Amino acid sequence: MLGIFTKGKALAYVKNLWAKEEKRKRDFKKISKYNKLLTQSEENLVDNQTWNDLDMDQVFSKIDRALTTPGENVLYDMLRKPLYNKEKLRERGEIIKLFQKDSELREKIQIQLLKVYKQKNGDVLALLWDDLKENKLLKVLFLILGNMPLVFLVLSIFYGLKMTIIPIIVILYPINLFIHYKINSTIRSQVEAISYFSSILRAAKYISNLKVDEISNQINKLNDILNKVKEVSKNSASIGRIEGIDVLGDYFTILFLIEERAYYKLTTVINKNRDELKELYKIIGEIDAYISIASYRESAKYYTEPEFVEEKAYLNIKEGIHPLIKNPVANSLTLNKNGIILTGTNMSGKSTFLRMIGLNMLLSQTIYTSLAKEYKGSFLNIITSISPEDSVEKGKSYYLGEAEAMLRIIKAVDSDITVFCMIDEIFRGTNPIERVSAASEILKYLIKGNCLPVVATHDHELTKIVKDRYRCYYFSEMVDEDEGLKFDYEIKQGVSPTTNAIKLLRYLGYPKEITEKAYEQVKRDINYIEDN
């Protein structure tokens, strides 16, 4: 990337990026690959249902200002792996603050990362995770053929230059040309990946020479790794050059089989040092990700660093906001070994409120950043059931999807880490009688375990059944003849007193016969619930 920039223009470029969202299309299949390679057997991950419920691909896109592919990979991995360790989170926070405050250091590093940039061709993760095929026969053959021009030049001392140049041009060069294009067609992807990793190694070498206390741990690790993989650095630099720009250089590279010899030498070295190269990739990715988070913090409306307490099943958020809403309404919440039931009509803010809590929790335990005036709480395992889906391909009904999503939560409540579960419209895919019966028993079961449940529902009966352990809050709206729906999106204590769904039908022009009789039926149902 820096090839098109002078140093001054590169500096201007990274300055212009600071505290700005990078709006571009992202390939999440590629971005998430690193996380999937690392976490095939790990616990304490944000599962797919919760990730999707919280719209985390969109949140990632909001936070992601990484310049490199490792930066994207590691940031995504961070967000999918909440930490349950105060010290590790504080260390992460200190590095993020360093890059917020020290613009000179940040920009120096970013200029080096700009030289790495995003990988366009090849697959660097496959290079690091998949064993490269070693071929000792080809390695020896290419070594011999690559050195033959030197042999001919030595022979020219005895037989004259004319007698040795002709075999090189007529015999040796065509052979090596054929080998170059034949072999390159099979190893091109790996060659491009090695070339990209070479740029990562150069950035690592630059960062390893810095003297910065806050990232001394990363610097020391880089120095140790670079000392062990010197041969990778040396040989990878001669791989992946773009052909056609320097014709003389192309002839030289082909005649001496420089790429092929370097590649087959590197297969052995990379296979031998795979763990060290993975760690180096991670460190460069972390530094890029920390700068990205620092930039996001500076662009946020406001944020705070979270405070974690030893007490279990506790959470206090003051004036928390949702990161994806342009003009968010702040809301607060306190939970202390109790659950919450949210009522209110559709579009009044219940689902957004649920997501706001979950997102602040996740951001606090991953990037040590809460979009709130104050965040204080236990370490929490976040599991949600907000938008379970049916699946025609799998023959799965909506209700079955809900039931499976709920079972994840039920199975998790016996763990040492408090489960924070968010449920939107529990069992909406089945009939009201069974829904309320099953939901009430599930809510009673959850609150007995190590769990903080927050449940949004239209079923007012639930508020009566579980009132001993769940506090009630609601969101409301107004419907008038002229303006239609109006929302304030502010949470209020109690059970929603409004029946605005029918008022909305009246506003839309439904026949009075329908709306008036529906309203009378609602009043009878509410009176029945209150009396019983």
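What follows draws every value from the coordinates through simple rules; no lab data is involved. Because the structure is predicted, anything quoted here is derived from the model rather than measured. Counting neighbours? That spans all protein chains shown, and the Cβs are built from the backbone with ideal geometry, glycine included.
Tabulated values for the structure
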{"read-out": "Stretchable slack from Glu311 to Glu94, in nm (0.36 nm times residue separation minus alpha-carbon distance)", "value": "75.7 nm"}
{"read-out": "Cα-projected label distance for Ile165 with Lys20, points at 7 Å along beta-carbon direction, nm", "value": "5.5 nm"}
{"read-out": "Other-chain or far-sequence residues with amide H under 5 Å of Thr384's (modelled H)", "value": "Thr50, Met422"}
{"read-out": "Long-range HN-HN contacts of Glu307 with modeled amide H, under 5 Å", "value": "Tyr375, Lys376, Gly377"}
{"read-out": "Extension gain from Asp102 to Arg408, taking 0.36 nm per residue of separation minus the Cα-Cα distance", "value": "105.8 nm"}
{"read-out": "Cα-based shape type of region 307-498, given that a ≥ b ≥ c are square roots of the gyration tensor eigenvalues and the cut on a/c is 1.5", "value": "rounded"}
{"read-out": "Cα gyration tensor shape for region 2-299, rounded if a/c is under 1.5, else prolate or oblate", "value": "prolate"}
{"read-out": "Global geometry of region 326-376, whether rounded, prolate or oblate, following the gyration tensor of its Cα atoms and the 1.5 cut on a/c", "value": "oblate"}
{"read-out": "Whole-Hz couplings from phi, Karplus 6.51/-1.76/1.60, listed for region 502-518; x for Gly and Pro", "value": "6, 4, 5, 4, 5, 4, 6, x, 5, x, 4, 4, 6, 5, 5, 5, 5"}
{"read-out": "12 Å beta-carbon shell around Lys265, net charge (K/R +1, D/E -1)", "value": "+1"}
{"read-out": "Of Lys97/Lys326; Lys326/Lys373; Lys205/Lys234; Lys464/Lys503; Lys139/Lys272, pairs whose Cα-Cα distance is over 19 Å", "value": "Lys97/Lys326; Lys464/Lys503"}
{"read-out": "Reported label for calculated Rg and Dmax of the Cα atoms in Å given (i) 30.6, 115; (ii) 25.6, 88; (iii) 22.8, 80", "value": "(i)"}
{"read-out": "Region 307-498 - share of DSSP beta bridges that are antiparallel (%, nearest 5)", "value": "40 percent"}
{"read-out": "Alpha carbon centroid spacing (whole Å) that separates region 505-522 from region 56-109", "value": "53 Å"}
{"read-out": "Ranked packing of 300-308, 288-296, most packed first, by mean Cβ within 10 Å", "value": "288-296, 300-308"}
{"read-out": "Net +/- balance of residues flanking Lys373 in space, Cβ distance below 10 Å, scoring K and R +1, D and E -1", "value": "-1"}
{"read-out": "Residue-by-residue Karplus 3J(HN,Hα) for region 227-235, coefficients 6.51, -1.76, 1.60, Hz, glycine and proline x", "value": "5, 7, 10, 4, 5, 5, 4, 5, 8"}
{"read-out": "Nearest-ten-degree value, helix 7-17 long axis tilted from longest Cα axis of the chain", "value": "10 degrees"}
{"read-out": "Beta bridge orientation in the chain: antiparallel %, DSSP, nearest 5", "value": "45 percent"}
{"read-out": "Spacing of the two label points (7 Å from each Cα toward its C-beta) at Lys467 and Ser332, in nm", "value": "2.6 nm"}
{"read-out": "Mean-position separation - Cα centroids, region 429-494 and region 294-346, in angstrom", "value": "19 Å"}
{"read-out": "Cross-link reach list, aspartates and glutamates versus Lys278, counting only Cα pairs under 19 Å and skipping chain neighbours closer than eight places", "value": "Glu42, Glu72, Asp77, Asp123, Asp130, Asp131, Glu192, Asp224, Glu231, Glu286, Asp288"}
{"read-out": "Whole-Hz couplings from phi, Karplus 6.51/-1.76/1.60, listed for region 279-289; x for Gly and Pro", "value": "5, 4, 4, 5, 5, 5, x, 4, 4, 5, 5"}
{"read-out": "Gain on full stretching of the segment that runs from Lys230 to Asn48 - 0.36 nm per residue minus C-alpha separation", "value": "61.5 nm"}
